[in-house]
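Quick notes on the structure that follows.
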Amino acid sequence: MCSSDLVSICVAMARTGVTSIDELRRREMTMGTEGKGSDSEVFAMFLRNLLGLKLKVVTGYPGTNESILAMERGEVDGICESLDSVNNRRPDWISGKKVNVLLQAGSAPHPELAGVPFVRDLARSDEERQVIDFLYAGQDIGRPFVAPPGLPPERLKMLRDAFDATMKDADFIADAKRSKLDLEPEDGAHLATLIDKIYATPKSVIERVSRLIQ
């Protein structure tokens, strides 16, 4: 069960003049990241190596807040981060056109990002689609609620039913809206199917992903 999927985006400060992925195949842009293994670093490296983008990855910022401040100071030009993270930290960036959203990734294109390229659509082969699906599978899982293995089936059903009921509760939904939280829940059966799909990924695809994020 998860409360929402995550949508990953890559943005460039409007001052850079970079408005499309195609431009990044011709001109370099610096990307701020929180260090080796962080989502911002992994996604930037992956996109650079898979799609041939001229991304210069700058690592070592303590967190997303610091990376965003670095963008505002002109130290770096962009970042790959979750949509809700950007919206929560800088609510006026996208709506005020202070950044250009270059790319989105996740389980499906986000309605707020109409016209923004969806990374899966940029794949040039079935294997590249598998590679993209594997890397971004964690976005589909979002923020999961988990229980220990070996849970009795009746208890698992009780927890799943309680979660589903909560996601439909009017007071809960109103509270989430007041907190400006996205609420697009997926049930436990959906996530179980997704995890089975991840485990079924061919070894060759996993190895290619590993190479692409180096």
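The values are calculated or read from the model by the stated rules, or taken from the named source; none is laboratory data. All of these numbers come straight from a predicted model, not from anything done at the bench. A quick note on method: Cβ atoms are made from the backbone with ideal geometry, for glycine too, and the neighbour counts reach across all protein chains shown. Remember, those area values only see protein heavy atoms, side chains included, never the ligands or the DNA or RNA. Shrake-Rupley method; radii C 1.70, N 1.55, O 1.52, S 1.80 Å.
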Original post:
Looking at (1) small (Gly, Ala, Ser); (2) touching a residue at least 24 places away in the same chain (Cβ under 8 Å); (3) in contact with a helix residue (DSSP H, G or I) (Cβ under 6 Å, 6 or more places away or on another chain), can you tell me which one Ala123 breaks?
Top reply: (2)
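Results for (1) touching a His at 6+ places or on another chain (Cβ under 6 Å); (2) assigned to a helix (DSSP H, G or I); (3) crowded, with 17+ Cβ neighbours inside 10 Å, shown as yes or no for each residue.
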| residue | (1), (2), (3) |
| --- | --- |
| Ser20 | no, no, no |
| Leu24 | no, yes, yes |
| Glu34 | no, no, yes |
| Ser40 | no, yes, yes |
| Asn49 | no, yes, no |
| Ala70 | no, yes, yes |
Original post:
Restricted to the stretch 205-214, and to residues that are in contact (Cβ under 8 Å) with a residue 12 or more places away in the chain and not basic (Lys, Arg), which residue is most open to solvent (accessible area, probe 1.4 Å)?
Top reply: Gln214
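Given the condition at pLDDT below 90, surrounded by 14 or more Cβ atoms within 10 Å (Cβ to Cβ) and in a helix (DSSP H, G or I), answer yes or no: does some residue in the stretch 114-135 qualify?
Keep residues of the stretch 114-135 that are at pLDDT below 90, which gives none.
Within the stretch 114-135, not a single residue is at pLDDT below 90, surrounded by 14 or more Cβ atoms within 10 Å (Cβ to Cβ) and in a helix (DSSP H, G or I).
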Original post:
Looking at (1) of a type outside the set (Phe, Trp, Tyr); (2) in contact (Cβ under 8 Å) with a residue 60 or more places away in the chain; (3) more than 19 Å from Leu212 (Cβ to Cβ), can you tell me which one Val76 breaks?
Top reply: (2)
Original post:
Got a sec? Which of Thr64, Thr59 is out of contact with any Phe, Trp or Tyr (no Cβ under 9 Å at 6 or more places or on another chain), among the hydroxyl-bearing types (Ser, Thr, Tyr), over 30 Å from Lys177 (Cβ atoms) and surrounded by fewer than 23 Cβ atoms within 10 Å (Cβ to Cβ)?
Top reply: Thr59
Original post:
Of all the residues that make up the stretch 175-214, how many are modelled with pLDDT under 85 and in a loop (DSSP other than H, G, I, E, B)?
Top reply: 7
Subject >> Tally, over the stretch 143-158, of residues that are in a helix (DSSP H, G or I) and open to solvent by less than 70 Å² (accessible area, probe 1.4 Å) >> reply: 1
